[in-house]
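The values are calculated or read from the model by the stated rules, or taken from the named source; none is laboratory data. All values reported here derive from a predicted model rather than from experimental measurement. Every residue, glycine among them, receives a Cβ derived from its backbone with ideal geometry; neighbour counts consider all protein chains shown. For the accessible areas, the whole protein counts, side chains as well, though only heavy atoms, and no ligand, DNA or RNA atoms are used. Shrake-Rupley method; radii C 1.70, N 1.55, O 1.52, S 1.80 Å.
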Amino acid sequence: FGSGDASYVGSKFSSAVLPPECFAKLGANQVKRFNAYFQDGDDAELQEKIAPKVDSEGTSYVVKTFLVEDGRPKNSGDLPYTLVEASEAVDYWSLGALLFQLVAGKPLVPSNRDDDCVDGNAMAALASWNDATAKKYLTRAIKDAAAWDLASKLLIRDPVERAKFDIKCTLETHPFFK
């Protein structure tokens, strides 16, 4: 959904395949702002899905989601975070998360049947994802060298660097697809 020329990620989502930039770490006052923004929701399942998740250290995390009104984000200035614009970088991360699950036999982070993070620890893992830790994690979980190489190029924290991924060239030449 978007306003003007921009489209945003987060109106509908499966949180376990979202990139780090789609999560917000919230302090107590930010949680109050978040809850106030969504207070009129009458969909219990949606409220459960978007509710702040608390990690083992007591920190709250949410997906940078929003309400939609007339095809645009509703009062997004009332949210305690900025929205994330839809981009190839977001899609590449999601492709990497799906590839990881395919070759590792488990999701990138603990998730439920709807591919949503099961708890705040799963959200914290994605929100704090860094390339050094990722390489260690990928090395432990993915034994195939071609799959590891491809996943490591898709699961990069920096969306600007991730957006440089050349999908056409990769599909034509990467050993994973041979």
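Tabulated data for the structure shown
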item: Residue list for segment 35-61, filter: out of contact with any helix residue (DSSP H, G or I) (no Cβ under 7 Å at 6 or more places or on another chain) and of a type outside the set (A, V, I, L, M); result: N35, Q39, D40, D42, D43, E45, Q47, E48, K49, E57, G58
item: Any hit, segment 17-30, residues being within 23 Å of R157 (Cβ to Cβ) and of a type in the set (G, A, S); result: yes
item: Where A44 falls short, out of the listed (1) under 25 Å from H174 (Cβ atoms); (2) surrounded by fewer than 14 Cβ atoms within 10 Å (Cβ to Cβ); result: (1)
item: Selection count where residues are in contact (Cβ under 8 Å) with a residue 12 or more places away in the chain and in a loop (DSSP other than H, G, I, E, B), scope segment 119-157; result: 9
item: Residues of segment 50-72 that turn out to be within 27 Å of I156 (Cβ to Cβ) and buried (at least 16 other Cβ atoms within 10 Å of the Cβ), as a count; result: 12
item: Flag for K12 being open to solvent by 30 Å² or more (accessible area, probe 1.4 Å) and either among the hydrophobic types (A, V, I, L, M, F, W, C) or touching a residue at least 60 places away in the same chain (Cβ under 8 Å) (or both); result: no
item: Pairs where the first residue, in segment 95-115, is modelled with pLDDT of 95 or more and the second is of a type in the set (D, E), C-beta under 8 Å, 6+ apart; result: V103/D144; P107/D115; P110/D119
item: Conditions (1) crowded, with 16+ Cβ neighbours inside 10 Å; (2) under 20 Å from the mean Cα position of the chain (by Cα); (3) more than 17 Å from N121 (Cβ to Cβ); number of the one not met by Y37; result: (2)
item: Selection count where residues are in contact with a strand residue (DSSP E or B) (Cβ under 6 Å, 6 or more places away or on another chain), aliphatic (A, V, I, L, M) and surrounded by fewer than 18 Cβ atoms within 10 Å (Cβ to Cβ), scope segment 73-115; result: 1
item: Subset of segment 123-141 [out of contact with any strand residue (DSSP E or B) (no Cβ under 7 Å at 6 or more places or on another chain), at pLDDT 95 or above and hydrophobic (A, V, I, L, M, F, W, C)]; result: A125, W129, L138, A141
item: Segment 122-164, residues that are crowded, with 16+ Cβ neighbours inside 10 Å, within 15 Å of C22 (Cα to Cα) and not aliphatic (A, V, I, L, M); result: W129, R157, P159, R162
item: Qualifying helices (runs of 4 or more DSSP H) (wholly inside segment 1-118; at least 1 residues being of a type in the set (K, R)); result: 28-37, 44-50
